[in-house]
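J.: Have a look at the structure that comes next, please.
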Amino acid sequence: MMKKTITILLLVSLLSVALASCNGGQAGAGNEAMTSVEKTPLSVFAAGSLIIPFADVEKAFEVKHPQIDVQAEYHGSIQVIRHATELHKPIDVVVTADASLIPLLMYESRVPETNEPYADWYIRFASNHLALAYGENSKYADEINAENWAEVIARPDMKIGIADPRFDASGYRALMAFALSEMANNDYGLFAPMFDGQFSFPVTIFRGDELTTITVPEILETKKGSHIVLRGSSVQLIALLQSGDLDYAFEYESVIQQHELNMVSLPDEVNLGEPDFEAEYNQVQVDLDFQRFASVKPKFRGERIGYGVTIPAGAQHTEEAALFIAFLLSDEGRAVMEANHHPLFETFLADGYENLPASLQAITVPLE
Amino acid sequence: MKKRNLFFNIVFSALGGLLLLFIVLPLLSILLGTTPETLWLALTDPQVLNSIRLTFSAAAMATLLAIITGVPLAFLLARRRFRGKRLVEALVNLPIVIPHTAAGVALLLVFGRRGLLGQWLTPLGIVFTDNFAGVVVGMLFVSLPFLVNLSRESFALVDEELERVALIDGATPWQAFWYVSLPQAWRGVLAGALMMWARGISEFGAVVILAYHPKIVPVLVFERFEGFGLVAAQPVAALLVLVALATFIFLRLSLLKENSE
């Protein structure tokens, strides 16, 4: 009996060792001692709203460059950056749903050993529209529309999903949507019914002459029985929507279409996706009131949604990273993204143009 | 002979010692990496304290529910022969095998607002999503094998002859259980309950899907880490390690001290 058991255990462990070594190319990143068939791992950290299109981009890219193995990880955009600046992970490509986060959080902070900034350029490559997603049994689905959405979802018997504005760009964009909707409708009673009394520390709004500022407290917790449901990133809300635990959730249009969910489009003045409404978007700002854990208090100014990509300091495979970005911005990459309902910009504007790898300078235009 | 014995002991101690080091090193580094000041700040942080209270009580609640239902099951598994017994035993161990995030999703489908049970319980005011009950359910699911398995082993060790004698002497099955089986097996049951409670406290994956709020300590550590970085997460993590260790050691020593005799 015991001999048999030991034999089985030995077999199982041999098998797992064998399996592990087959898989070595993926698991053993940075293990150069392996044979020459070893692929170059390319570490891509991207915003959660890119999970579905980037899976296809990865496949297409790897067909074209079989010597490279893309290893992608997805988080809320702020967390994507944190993995580089706080955890010092050797990331090759950083992609965020808000390009402005790159100068805000990466230009300013420096790698301790070399004192160089974590990034000194980025490319704005795509936009999106903020919208409301809803499921099969969502309440008031026959009533809600682009005009009355703010009033409808603030009703007390609703469950509304919002990404945590402290960690995810779609979260602070959802807050902005309420301020923008108030201005567009000239009705300054839309924010309060949605947010007042929902959190243990309040989210406040200050309507100045030129700028409306929403302040998010450091500790953001919904009260018991709140109609707001917070999650770390907007893509985590989708499962709750599908299970019927949420009536509506703030999501990007591309994500809603990828998941074939029902959608309430928001008006152009509100959806943060229209180039002609930049001036309106600019009138709102979300401040994070960080006191204890961070020395800087991040401020997010409203603007047209722009996805940003960069190669951070500490990247181990800069050449391959540039290849990946060039592929994403090529006609092939554009086609893959479009097939996934996430169109790219016609021209790609680059901040810190002089710092770009030459191959990427050729396909971008300097941001003035 | 003695020399060979010594060699054997050295090799086995060295191998076992490596494993112990593997446990101790990360724990030590998280404790030593935290200054007393930041630890004190974490200790006086109301959010952290509430979270610890919530975590411990939800795990205790889950354990209580498992004792009421799991001890009878463990007894049946130890004492009765029935068809499909192997299947039941495998079923009990299933939560150990299932990835906990998958368990969370499965629980959501049952206990969510429109879930299999959730749709009937929600109108009664029993809500699981983002609620205490959701935390309890998540912990219960992933940690119940510890209680059932240890209890079953413990009941199996009780001399069956004693139970039979009690029954022959006219005791009802209830009396035989209460006055014969349980008094002899209680240490194993208790050890199982403690293991289950501890496992419940450390659960993250299943709970976070069903109930991100109110935040149990593992979720809080994750949130602080993701949102504010290592500096913010480390003291809370260290505190949880300390409190869990202290409670666990205290309970083991005070309740199970005669176990080692």
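Every number here is computed from the coordinates shown, using simple stated rules; none is lab data. What you see is a predicted model; the values in this text were computed from it and never measured. Here the Cβ positions follow ideal geometry from the backbone for every residue, glycine too, while neighbour counts run over all protein chains shown.
J.: What is the helix-to-structure angle for A:318-329, meaning the angle in degrees between its Cα long axis and the longest Cα principal axis of chain A, kept from 0 to 90 and rounded to the nearest 10?
T.: That works out to roughly 50 degrees.
J.: Measure nothing but the geometry: give the 0 to 90° angle between the long axis through the Cα atoms of A:2-22 and the longest principal axis through the Cα atoms of chain A, rounded to 10°.
T.: The angle comes out near 70 degrees.
J.: P(r) for chain A: what percent of alpha-carbon pairs falls in each 10 Å bin, starting at zero?
T.: It works out to 5, 22, 30, 22, 13, 5, 2, 0, 0, in whole percents.
J.: Calculate the mean, over all residues of peptide B:104-110, of how many other protein chain Cβ atoms lie within 10 angstrom of the residue's Cβ.
T.: 2
J.: So what is the relative contact order for segment A:130-301, in percent, with contacts set as C-alpha pairs under 8 Å and at least six apart?
T.: Once normalised by length, the contact order is 36 percent.
J.: Just to check I understand the Karplus step: with θ = phi - 60° and J = 6.51 cos²θ - 1.76 cosθ + 1.60, what whole-Hz values come out for segment B:201-208, glycine and proline as x?
T.: 4, 8, 5, 10, x, 6, 5, 5
J.: Go ahead and estimate [θ] at 222 nm for chain B from helices alone: -39,500 (n - 2.57) per DSSP H run with n ≥ 4, summed, over the residue count, rounded to 500.
T.: Mean residue ellipticity at 222 nm (helix-derived): -26000 deg cm²/dmol.
J.: Then there's this: Sort out the exposed loop trypsin sites (Lys or Arg not before Pro) in chain A (DSSP loop, at most 14 other Cβ within 10 Å) and tell me the longest stretch that has none.
T.: By the stated rule (loop sites, at most 14 other Cβ atoms within 10 Å), A:1-222.
J.: Any chance you could get the radius of gyration and Dmax over the Cα atoms of segment A:130-301, in Å?
T.: 15.1, 47
J.: Can you pull the Kirkwood radius for chain B, inverse mean 1/r over Cα pairs, to one decimal in Å?
T.: One decimal place: 20.9 Å for the Kirkwood radius.
J.: Another question about this same structure. Just checking the output field for B:222-232: average partner chain Cβ neighbours within 10 Å of each residue's Cβ?
T.: 6
J.: Nothing charged except the Cβ atoms of Lys and Arg (+1) and of Asp and Glu (-1): what's the magnitude of the dipole of the protein assembly as shown about its Cα centre? Round to the nearest 20 debye.
T.: 4260
J.: With a 10 Å Cβ neighbour count serving as the proxy for reagent exposure, in which order, fewest first, do B:Val135, A:Val365, B:Val219, B:Val231 appear?
T.: Fewest to most other Cβ atoms nearby, the residues stand as A:Val365, B:Val231, B:Val219, B:Val135.
J.: Specify the angular offset, from 0 to 90 degrees and rounded to the nearest 10, of the alpha carbon long axis of helix A:51-64 from the longest principal axis of the alpha carbons in chain A.
T.: 30
J.: Only loop residues by DSSP count here, and only those with at most 16 other Cβ atoms within 10 Å; note down the trypsin sites (Lys or Arg not before Pro) in segment B:1-90 that meet that.
T.: Here the sparse-neighbourhood loop sites are B:Arg80, B:Arg81, B:Arg83.
J.: Something else now. Distances longer than 48 Å among the Cα atoms of the protein assembly as shown: what percent of all pairs is that?
T.: The share of Cα pairs beyond 48 Å in the protein assembly as shown comes to 23 percent.
J.: Next question. Over segment B:1-136, what relative contact order in percent results from Cα pairs under 8 Å that are six or more residues apart?
T.: 14 percent.
J.: Report the charge-dipole magnitude of chain A in Debye, nearest 20, computed about the Cα centre from +1 at each Lys and Arg Cβ and -1 at each Asp and Glu Cβ.
T.: Here chain A has a charge dipole of around 1660 debye.
J.: In addition: If each DSSP helix of 4+ residues adds -39,500 (n - 2.57) and the sum is divided by the residues in chain A, what number results at 222 nm, nearest 500 deg cm²/dmol?
T.: -9000 deg cm²/dmol
J.: Just A:Thr212, A:Thr347, A:Thr318 to compare: in a GNM of chain A, with alpha carbon springs under 10 Å, which one fluctuates most?
T.: Looking only at A:Thr212, A:Thr347, A:Thr318, the largest GNM fluctuation is found for A:Thr347.
J.: Taking the alpha-carbon centroid of each part, what is the distance from segment A:169-231 to segment A:258-321 in angstrom?
T.: 17
J.: Note down the relative contact order for chain A as a percent, whole number, built from C-alpha pairs under 8 angstrom at least six residues apart.
T.: It rounds to 24 percent for chain A.
J.: Hey, another quick one. Exceeding 20 Å between C-alpha atoms, which entries from my cross-link table qualify? They are A:Lys39/A:Lys64; A:Lys223/A:Lys299; A:Lys89/A:Lys299; A:Lys139/A:Lys159; A:Lys223/B:Lys215.
T.: Those over the limit are A:Lys223/A:Lys299; A:Lys89/A:Lys299.
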